[in-house]
Amino acid sequence: MPQIIPVDFSLFKPTEFHSQWVGTDENGINGCFLVVTRVPPGTGTSAVHTHLGDQFYFIFDGDMNLQLADQVLKATKDDLIYIPTAVPHKNFNSTDKDEIHWEFIVPGAFPGLARSYRAQWPEYELKEAVNDHYVRHLDRSKFDKTETSHVTMASYATGSHHCRIDIVNVPAGKGGGDIYVTPYDEVFYTMTGEQVFTIGRERHTIAPNTYVYVEAGVPHTFLNTSGEGATHIQVQVPEGPRTDANIPVRMD
């Protein structure tokens with residue numbers, strides 16, 4: 001059964017850092033965690049910490065300061081941030097505008113997901129740095145304006161051993177093609193536009209800021225039936241063994 005999970009921004013307090021954990025093993029999401037976070041000006045994570053899985057951010061709006069070990073990296077809208085397992089980190093907002101980002105942690109590892117380094121972390125002198133391995137900018141010029149296309153932001157080839165992350169652009173009237181199944185779970189997060197997802201024999205209209213989780217072996221596809229373009233984040237968990245791993249199926 002698909003999991004369709006809208007993000008309820010009314011739960012975010014206007015002046016406080018807030019992460020909404022919308023997908024965990026408690027509501028049927030296997031092997032990963034689905035999160036959306038808002039960071040108001042002057043706020044951030046409370047302490048340097050680490051996770052037992054790889055963590056990714058994709059920034060929807062605003063600017064982020066990211067501490068990775070003893071380095072501070074800058075990130076902005078349309079950047080994907082890669083934080084490998086066990087790397088101490090924190091993020092904070094030093095601007096006068098909210099910063100909002102998508103988060104994905106894989107594999108999921110409750111209990112003990114976050115381990116605080118408050119007591120153990122030494123007081124290193126922080127250095128500002130630029131590193132395109134950990135902060136990767138989305139080049140929207142790579143999208144095909146007439147057909148469904150994607151830009152791969154993370155994969156096994158770039159250090160992600162547990163998932164592949166694509167940003168997908170879907171022009172009006174286009175979609176994912178005929179209904180298909182995959183040998184891996186797929187996670188979609190609609191950023192802009194409205195799409196119709198066919199999952200099994202059901203159709204679901206998906207609005208922006210909504211997660212769709214489809215388990216391996218479940219027939220599905222998507223179609224942009226609106227008059228404007230749509231974009232979504234699409235994640236393979238784990239990454240498929242080859243690019244033609246989609247298996248077409250008939251739904252008689």
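The values are calculated or read from the model by the stated rules, or taken from the named source; none is laboratory data. All values derive from a computational prediction rather than experimental measurement. Here the Cβ positions follow ideal geometry from the backbone for every residue, glycine too, while neighbour counts run over all protein chains shown.
Of note, S46 does not satisfy the criterion of being more than 19 Å from the chain's Cα centre (by Cα) and more than 21 Å from N91 (Cα to Cα).
Just one residue in the set F12, F58 is more than 18 Å from the chain's Cα centre (by Cα) and of a type in the set (F, W, Y); that residue is F12.
As a summary of the residue check, K127 satisfies the conditions (1) loosely packed, with under 14 Cβ neighbours inside 10 Å; (2) among the basic types (K, R); (3) under 30 Å from N27 (Cβ atoms) except for the one numbered (3). Scanning region 138-169 for residues that are part of a loop (DSSP other than H, G, I, E, B), out of contact with any strand residue (DSSP E or B) (no Cβ under 6 Å at 6 or more places or on another chain) and closer than 23 Å to E103 by Cα yields a total of 3. Selection within region 1-46: residues that are over 15 Å from V212 (Cβ atoms) and among the aliphatic types (A, V, I, L, M). The member of this set that is surrounded by the most Cβ atoms within 10 Å (Cβ to Cβ) is V39.
Between T76, T50, T43, the distinction of being more than 24 Å from I5 (Cβ to Cβ) and touching a Phe, Trp or Tyr at 6+ places or on another chain (Cβ under 6 Å) belongs to T43 only. Of the residues screened, A69 is one that is among the small types (G, A, S) and surrounded by fewer than 17 Cβ atoms within 10 Å (Cβ to Cβ).
Is it the case, given these coordinates, that D70 is closer than 24 Å to F188 by Cα, charged (D, E, K, R) and not assigned by TED's automatic domain parsing to the domain that holds P219?
In short, no.
Residues in region 15-32: is at least one more than 16 Å from the chain's Cα centre (by Cα), of a type in the set (S, T, Y) and at pLDDT below 95? The answer is yes, given that some residue of region 15-32 is more than 16 Å from the chain's Cα centre (by Cα), of a type in the set (S, T, Y) and at pLDDT below 95.
Return yes or no: is D78 under 13 Å from T43 (Cα atoms), under 18 Å from the mean Cα position of the chain (by Cα) and of a type outside the set (A, V, I, L, M)? Against the criterion (under 13 Å from T43 (Cα atoms), under 18 Å from the mean Cα position of the chain (by Cα) and of a type outside the set (A, V, I, L, M)), D78 does not qualify.
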